[in-house]
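Quick notes on the structure that follows.
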Amino acid sequence: MAGGWIDSHCHLQDQYRPDGAELVSVLSEAAAAGVSGVVCVGTDAATSRRAVELVARVRTEAAVTDGPLPVDFGAWATMGLHPHDATHGVAELERALDATLEADRALVVAVGECGFDYHYEHSPRDAQREAFAAQVALARRHGLTLVVHSRDAWDDTLDTLHDAGPPERTVLHCFTGGPDEARRCLDAGAFLSFSGIVTFKGAQDVRDAAALCPLDRLMVETDAPFLAPVPHRGKQNRPAWVVAVGEALAHIKGVTPTVLAETSTSATRAAFALT
């Protein structure tokens, strides 16, 4: 895979693509901006299956010389149940994951996103805790990375990870904590993935967390179509704009964007055991 940025967390399923844009068009735009790969994230059984289908398509397109995407443009899928939908339980997701891994294990690199969201609490906290613990176990059983969503729930997130027995690799996606939370997550062995929030005026705590995060544990994401970075804030986010996130992080870390692209890509490859 060619060098460049990896968008470590985005949603490319049909309902999420900006303005209904075609998949290859969105990724061609990203490639032209310097993005060499994307991780497409599932949030329930249906979107997880679709993520796998999209990744398979992207890999086919990227294998064609002179095709619409650069040769070997990287694409990987995750399969998970978001805490908003925790009341549905993980049984359907587990069946989908098992079937996908049996058919083509190389397409899936992680379980998630999963975890806790106490900001909205669309599912009761007990249901969130049960669903998260079950997905921690799934990641550990299958040797996959765990992608964690944690919003206003640091104690329960870290306590459940500890009690359930974390998998070998854990990513805290769209990190929204400050330095104290960053230290706790890093001490637990996690990678931290930063989104366009680092460009928001009121997010100094997140910038301070990024400043202390070692480069070999720092990842870059868009969470597209959400959280578009400045100067695109208010628009539907897209993988091409991971470059703006990366440039902001490079400034925070006191390195060039080229260095940040290299280190964040290396961190992402390590976090997801990408080959």
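Below are the figures for this structure:
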item	result
Which listed residue, of ASP156, ASP180, ASP163, is without any contact (Cβ under 8 Å) to a residue 24 or more places away in the chain and over 16 Å from the mean Cα position of the chain (by Cα)	ASP180
Subset tally (residues that are modelled with pLDDT of 95 or more and assigned to a helix (DSSP H, G or I)) for the range 61-91	7
In the range 255-275, residue modelled with the lowest pLDDT [restricted to those that are part of a loop (DSSP other than H, G, I, E, B) and touching a helix residue (DSSP H, G or I) at 6+ places or on another chain (Cβ under 9 Å)]	THR275
Some residue of the range 172-195 being within 30 Å of ASP14 (Cβ to Cβ) and surrounded by fewer than 18 Cβ atoms within 10 Å (Cβ to Cβ)	no
Condition broken by VAL148, with the remaining ones in (1) more than 26 Å from GLY89 (Cα to Cα); (2) touching a Gly at 6+ places or on another chain (Cβ under 7 Å); (3) of a type in the set (A, V, I, L, M) satisfied	(1)
Unique residue being of a type outside the set (Lys, Arg), closer than 19 Å to CYS114 by Cβ and surrounded by fewer than 18 Cβ atoms within 10 Å (Cβ to Cβ) when the list is ALA21, ALA46	ALA46
Matching residues, the range 210-226, being over 11 Å from VAL242 (Cα atoms), in contact with a Phe, Trp or Tyr (Cβ under 7 Å, 6 or more places away or on another chain) and not hydrophobic (A, V, I, L, M, F, W, C)	ARG217, PRO225
Criterion (buried (at least 17 other Cβ atoms within 10 Å of the Cβ), over 18 Å from ASN237 (Cβ atoms) and either in contact with a strand residue (DSSP E or B) (Cβ under 8 Å, 6 or more places away or on another chain) or of a type in the set (A, V, I, L, M) (or both)) met by exactly one of VAL52, VAL39	VAL52
Qualifying positions in the range 152-163 - buried (at least 17 other Cβ atoms within 10 Å of the Cβ) and out of contact with any Gly (no Cβ under 8 Å at 6 or more places or on another chain)	ASP156, LEU158, THR160, LEU161
Conditions (1) within 21 Å of ALA31 (Cα to Cα); (2) assigned to a loop (DSSP other than H, G, I, E, B): number failed by MET219	(2)
Complete set of residues in the range 1-43 that are part of a loop (DSSP other than H, G, I, E, B) and either more than 14 Å from THR268 (Cβ to Cβ) or under 13 Å from the mean Cα position of the chain (by Cα) (or both)	ALA2, HIS11, LEU12, GLN13, ARG17, ALA21, GLU22, GLY34, VAL41, GLY42, THR43
Test for THR258: is it of a type in the set (Ser, Thr, Tyr) and crowded, with 23+ Cβ neighbours inside 10 Å	no
Counted residues, the range 109-132 - those being at negative phi and either under 19 Å from the mean Cα position of the chain (by Cα) or surrounded by 19 or more Cβ atoms within 10 Å (Cβ to Cβ) (or both)	12
Condition met for HIS88 (in contact with an Asp or Glu (Cβ under 6 Å, 6 or more places away or on another chain) and not polar (S, T, N, Q))	no
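The values are calculated or read from the model by the stated rules, or taken from the named source; none is laboratory data. Here the structure is a predicted model, which means the values were calculated and not measured. Every residue, glycine among them, receives a Cβ derived from its backbone with ideal geometry; neighbour counts consider all protein chains shown.
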